[in-house]
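Just below is one structure, and these are the notes that go with it.
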Amino acid sequence: MKPEMITLKHGDTTIKMPAASLAKLAVASVFAQVLPPAANVQPAHLHSVPGLGSVWPGQGGFNGGLVAARGDVPEHYLIIAAKDVGDREWGPRGVEVKGLSKTDGYTNTQVLIGNDDESKHPAADACAEYQADGNHDFYLPAAAELYHCWLSVPELFAKDAWYWSSTQRSANFAFSMYFVDGYQSNCGKNGELRVRPVRRLFI
């Protein structure tokens, strides 16, 4: 069965086309008039990234900025928990934990909470137990991650306290950060310092 044809004439020009095709063109023309220009040319964005230091809905905290890929860890956003989890000890003095990193707080935290020498690491434990917006993959940031926070969003941290990192200095000391001026130091592991969980958002 041949499709129904429609003939259009304008001046000396004559166009023949199937009626169904003409109907599609008419509908498209209507939408082009109704929708704003941007609706026709802008691609849809699956993710909307909030401003630096702003709450990231559904992610459990604030946007701490983009972190470049390093080693086996792909590029990601650092999500900073909305609140501190108190003042905690890092762990016992005199115990050197093997396999800790200056940059990878997630792996550090897994090592500390999974340590089989019966030593307790309250700061790492508190971060691993923290949950927000259904996310339960928070960890104690490494020294480099705390420095990233100071560079990107220092206003999110208290200025009257030192914060623990998950990076170890020696058997007796671990690295900490002071957010007034970005100074990093090492403190005795049995001292109670402020603790802030973070997590990663891979996009």
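With respect to residue 96, determine if the residue is over 30 Å from residue 172 (Cβ atoms), modelled with pLDDT under 95, out of contact with any Leu (no Cβ under 6 Å at 6 or more places or on another chain) and of a type in the set (Asp, Glu). So residue 96 fails the test.
Given the structure, is residue 46 within 16 Å of the chain's Cα centre (by Cα) and modelled with pLDDT under 95? In short, yes. For the range 145-156, filtered to residues that are in contact (Cβ under 8 Å) with a residue 40 or more places away in the chain and surrounded by 13 or more Cβ atoms within 10 Å (Cβ to Cβ), the residue that is farthest from the chain's Cα centre (by Cα) is 156. Restricting the range 164-179 to residues that are touching a residue at least 40 places away in the same chain (Cβ under 8 Å) and under 10 Å from residue 141 (Cβ atoms), the residue that is surrounded by the fewest Cβ atoms within 10 Å (Cβ to Cβ) is 167. Scanning the range 71-85 finds no residues that are of a type in the set (D, E, K, R), touching a strand residue (DSSP E or B) at 6+ places or on another chain (Cβ under 8 Å), part of a strand (DSSP E or B) and at pLDDT 95 or above. Residues being in contact (Cβ under 8 Å) with a residue 40 or more places away in the chain and of a type in the set (Gly, Ala, Ser) are entirely absent from the range 67-79. Per the listing 114, 99, the residue uniquely in the same structural domain as residue 147 (by TED's automatic domain parsing) and touching a residue at least 12 places away in the same chain (Cβ under 8 Å) is 99. Do we find a residue being of a type in the set (A, V, I, L, M) and buried (at least 17 other Cβ atoms within 10 Å of the Cβ) anywhere in the range 85-98? Yes: the range 85-98 contains one or more residues that are of a type in the set (A, V, I, L, M) and buried (at least 17 other Cβ atoms within 10 Å of the Cβ).
Residues that are aromatic (Phe, Trp, Tyr): list the helices (runs of 4 or more DSSP H) wholly contained in the range 100-203 that include at least 1 such residues.
On the way: elements: 105-113, 122-129, 143-152.
So the answer is 105-113, 143-152.
Taking the listed residues 116, 137, 104, the one that is at pLDDT 95 or above, surrounded by fewer than 19 Cβ atoms within 10 Å (Cβ to Cβ) and more than 15 Å from residue 194 (Cβ to Cβ) is 137, with no other qualifying.
Taking the conditions exactly as written (assigned by TED's automatic domain parsing to the domain that holds residue 104, within 24 Å of residue 63 (Cβ to Cβ) and out of contact with any Ser or Thr (no Cβ under 8 Å at 6 or more places or on another chain)), does residue 169 satisfy them or not? So residue 169 fails the test.
The values are calculated or read from the model by the stated rules, or taken from the named source; none is laboratory data. The shown structure was predicted, so the numbers you read here are calculated from the model rather than taken from an experiment. Virtual Cβ from ideal backbone geometry, glycine too; neighbours counted across all protein chains shown.
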